[in-house]
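Inspection log for the structure reproduced underneath, given as structure tokens.
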């Protein structure tokens, strides 16, 4: 497709979305599963319709990938995905802030965008990362393994300890990074003295007793980005409230996803932040009345990294996570990759494929590895119980369904329609069993017809095969939502918009 045609398609898409969302001052975008649903692309798509894009949760462990209108790829970890669309961005108070990684992220964005980097405001009360948080997380994981033999398998970015230190009320705030150096050292000293024995124990276990940085050294590390931050650290909550009162439109961006939310997810195998739409008002420090509507982003087939229950999982988690590292040649465009996909798809359709084959096929086809960690993502069959639960928790009216094109060429598509609990009963719809029970829960699967046509890049619903349209309608019936957006590829314009009946009148 010519560039002019792409622009025309995107302009038409935005006009339709603008008409559907015209009555909303705010829209909150959250993930429905375990992250990696493609929120970055959806946020970048919607951003032109809003004045501000605000990230209200998470930390540098969340990687969102978005593309600029001219196709340049931007991977952000703390900066909202509105960056790719050139919109004013806000890092809200609910985000736990890593100034070292932010500086790198900003420089990378500047190299891509040049002089067109938009304004990025950072709340002055975000909790600040230190290298001690990362060491403490390693110590906690080590103790967990000693006690139970199992690890949560976190991203090792110190996010859980950051949240804990915040709750202890001894954390460093972003305002400390632009204030007097000595005051920052004094606050760091308070953290250091509380953690020193644990930090020393962890470093001793690593045979690295001399690796422990003292407060003055950590201060220098954090202050290296102070010049960059000085002009951008403000009371972002005050800014957001005032702009909302004046009628500005906000797109709120969640990190991770519903099943990784500290309270709503599969605790303890979750992130430490607020990953549902309920966190938007809290993390942005605005009145809840301004949260108008929620758009849940769901990957047609879910994926998960780290530890924790995953009822619809196809293959062994740890092996799936290592697969991209062990087979790097399959994760770059090549004839070897094409032959692998064709050979494996043939086995799947002939029903001679193993669970490993099915998982590997989707991993390779969709380049399933983390934007932040590089870990391979373990793949599950499409999972309606999780999706129904996420809709209930977030109160979403709309869904964005991504990666539907991954099913192209499959003769059959297994879909998990219910969970069978250990006692033999079916889990009530809209609820979610506790984590220990989920480990022993079995999927109840229904097989739907697939479609031979490749729908990658499809831009009109009428061009979808009937079986693909049937799948979309099934999801709507099962969740009580409207599938507003269907993703048919990673490209910006690989989008189908399905306006609700009567919304364009």
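The values are calculated or read from the model by the stated rules, or taken from the named source; none is laboratory data. Predicted, not measured: the structure shown is a model, and the values here were computed from it. Reconstructed Cβ throughout: ideal geometry from the backbone, glycine too, with neighbour counts over all protein chains shown.
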Inset, instruction - Could you tell me whether residue 93 is farther than 28 Å from residue 10 by Cα and not in a helix (DSSP H, G or I)? - result: yes
Legend entry - Hits in the range 307-338 - residues which are over 28 Å from residue 438 (Cβ atoms) and either without any contact (Cβ under 8 Å) to a residue 24 or more places away in the chain or in a loop (DSSP other than H, G, I, E, B) (or both): 326, 327, 328, 329, 332, 333, 334, 335, 336, 338
Legend entry - Total residues in the range 330-375, condition in contact with a helix residue (DSSP H, G or I) (Cβ under 8 Å, 6 or more places away or on another chain) and over 30 Å from residue 256 (Cα atoms): 7
Inset, instruction - Considering every residue within the range 261-279, establish whether at least one is more than 16 Å from the chain's Cα centre (by Cα), part of a strand (DSSP E or B) and not assigned by TED's automatic domain parsing to the domain that holds residue 365. - result: no
Inset, instruction - Inspect all residues belonging to the range 360-380 and state whether any of them is buried (at least 21 other Cβ atoms within 10 Å of the Cβ), within 19 Å of residue 478 (Cβ to Cβ), modelled with pLDDT of 95 or more and under 19 Å from the mean Cα position of the chain (by Cα). - result: yes
Inset, instruction - Scan the helices (runs of 4 or more DSSP H) fully inside the range 206-254 and keep the ones with 2 or more residues being under 27 Å from residue 119 (Cβ atoms) and without any contact (Cβ under 8 Å) to a residue 40 or more places away in the chain. - result: 236-245
Legend entry - Test for residue 491: is it part of a loop (DSSP other than H, G, I, E, B), over 30 Å from residue 45 (Cα atoms) and not assigned by TED's automatic domain parsing to the domain that holds residue 351: no
